[in-house]
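Working notes for the structure below.
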Amino acid sequence: MFDKLFPTMVVGSMPRPQFFREMVDRYLMEGGSEEDLLRLMDRSIPYVAALQEAAGLDVISDGEWRRKSYSGIIADMVTGFELEKVEVDSYRHGAYVGYTVTGKVEPVSPGLFAREARLFKRHTDREVRVAIPTPYHVGVVQWDRERSGGVYPTRRDLVEDLIPIIRQEVILLRDEGVRYIQFDDTTIGRISDSIRKTRVEALDDPDGELEYAVDSLNRVVDGIENVHLSLHLCGKRQLNLTGDETGYDTLLPGIKHLNFNMLMFELSEATPRDLKMLEALPEQMEIGVGCVHSKKEGVDTPEQIAGRVRRVLEVVAPERIAMHPDCGFSPGAYWDIPLDEAYHKLHNEVLAAEILRSEY
């Protein structure tokens, strides 16, 4: 369990300032010196460390500022990915960088996550967390039947090639002294009876998807010791389903078998079914309570945040709970959320934790 009650942390990504987004966009769209880009990135990173420390967080990240997109870091460390800029109407900005697998994936820059962590740790004495996309997520999102099928006939063929590559990254992070390693997946959270027909009809085996996703993750981390492993199950709320359709309990048959220390959920709007699921998880499993709206405009008060955690405390012991936003603030370089807004939200998360510690 944790060293203190209600430890506070981020999910991973932090908003980028305007100059940073423009700098990345120019490089991706027009080319230029990658050395100059990385130099300016490195000079910017200490700021995001200072912001999180000033907010009072216990565990911080580099904001994923060096990453061009949510799962683009995988494309930076292996062959086989093709870059494209995809226009979407999402949150407060209208673009993101996308990748599609068109060739065989093989490591070309092993240890990329560990190098990111090494650079960041120079700027802080706080515990550091590094987030990694799951192989399953990459297989679902970056695989295309027409463009990927010649090399990987199915999504699972791609996932199988990614498992040993990402496993090695976890080992290198552990050896770098990173204690907290978080896996991100926006796809596992969408596997449920209510959405299967429209959301996973193209998958290899819709009825076996959850079991396969869990098994693939367990194989990534099997036997790796001396790290704290968490899985952030995000994306379920983005479907805008209502009522019974939004419960996490449909995932329970699979996720209870994950060999992870902590599962992290979007619980700012927890349903009764969510609480029922939390109550049924193994007692040794810690619960990350996503209790701060990361992307909605407006700043939650400390009392609002504490109230969301109190609902979870009805079914989960305080020793098992960590607090964090419901999702990353900016999983891609383009998401336009003010840094000051993120700071106020994180600081109120810390104040909410102090309220709860006074009660428990």
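The values are calculated or read from the model by the stated rules, or taken from the named source; none is laboratory data. A quick note: this is a predicted structure, and the numbers were derived from the prediction, not measured. A quick note on method: Cβ atoms are made from the backbone with ideal geometry, for glycine too, and the neighbour counts reach across all protein chains shown.
The number of residues in region 299-348 that are part of a helix (DSSP H, G or I), aliphatic (A, V, I, L, M) and under 25 Å from K68 (Cα atoms) comes to 3. The lone criterion from (1) free of Cβ contacts under 8 Å to residues at least 40 places away in the same chain; (2) farther than 17 Å from I355 by Cα; (3) within 20 Å of the chain's Cα centre (by Cα) left unmet by D326 is number (1). Evaluation of F265 against the conditions (1) in a helix (DSSP H, G or I); (2) at pLDDT 90 or above shows that the sole unmet condition is (1). Only one of the listed residues (D58, D36) is out of contact with any strand residue (DSSP E or B) (no Cβ under 8 Å at 6 or more places or on another chain) and of a type in the set (D, E, K, R). That residue is D36. Residue-level analysis places G103 among those that are surrounded by fewer than 22 Cβ atoms within 10 Å (Cβ to Cβ), part of a loop (DSSP other than H, G, I, E, B) and either small (G, A, S) or at positive phi (or both). Considering V151, V138, the condition of being assigned to a loop (DSSP other than H, G, I, E, B), touching a residue at least 60 places away in the same chain (Cβ under 8 Å) and out of contact with any strand residue (DSSP E or B) (no Cβ under 6 Å at 6 or more places or on another chain) is satisfied by V151 alone. In this structure, A114 does satisfy being modelled with pLDDT of 95 or more and surrounded by fewer than 22 Cβ atoms within 10 Å (Cβ to Cβ).
Considering region 314-332, and only residues there that are in contact with a helix residue (DSSP H, G or I) (Cβ under 8 Å, 6 or more places away or on another chain) and more than 21 Å from V48 (Cα to Cα), the residue that is surrounded by the most Cβ atoms within 10 Å (Cβ to Cβ) turns out to be I321. For region 333-343, the condition holds for at least one residue, the condition being that it is surrounded by fewer than 17 Cβ atoms within 10 Å (Cβ to Cβ) and in contact with a His (Cβ under 6 Å, 6 or more places away or on another chain).
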